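Peer 1: Got a structure here, written out as structure tokens. Questions coming.
Any read-out appearing in this document is the output of simple, stated calculations on the displayed coordinates, not a laboratory observation. None of the values given here were measured: they were computed from a predicted structure. Glycine gets a Cβ as well: all are built from the backbone with ideal geometry, and neighbour counts include every protein chain shown.
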Amino acid sequence: MISSECAEPLAGKFRTLAIEQNVGFPMRDASLNLAERVPLIDVRSFVTALSIQKATGGNLAEILDGLARASCY
């Protein structure tokens, strides 16, 4: 969804993430690759939030909402 609704160049970076997952990359590896392609603290925070949520569980929507609020300040 991000790759179709965001503007380039970010859309392409997320498109590559989706392709990597579709060809069999583990989510962790594909998301770490995204963080390397997009060297922004917000992307690193997003990748970290995904990794923590996958390992511990919890409500991903709440986690991402909190991340979005924190990055606005």
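Peer 1: If you place +1 on the Cβ of every Lys and Arg, -1 on the Cβ of every Asp and Glu, and leave all else neutral, what size is the dipole of the chain about its Cα centre, to the nearest 20 Debye?
Peer 2: Numbers: 7 positive and 8 negative charges, 25 e Å.
Magnitude of the dipole: close to 120 debye.
Peer 1: So, one more: What spacing in nm lies between the two simple spin-label points modelled at Asn59 and Glu36, each 7 Å away from Cα in the Cβ direction?
Peer 2: 3.5 nm
Peer 1: Using the Cα centre of the chain as origin and beta-carbon charges of +1 (Lys, Arg) and -1 (Asp, Glu), tell me which of Pro26, Ser4, Phe46 is placed farthest towards the positive end of the dipole.
Peer 2: Pro26
Peer 1: Per the helix-only calculation at 222 nm, which mean residue ellipticity applies to the chain, given -39500 (n - 2.57) for every DSSP H run of n ≥ 4 and division by its residues, nearest 500 deg cm²/dmol? Please list the in-between numbers first.
Peer 2: Numbers: 5 runs with 56 residues, N = 73.
That calculation yields -23500 deg cm²/dmol at 222 nm.
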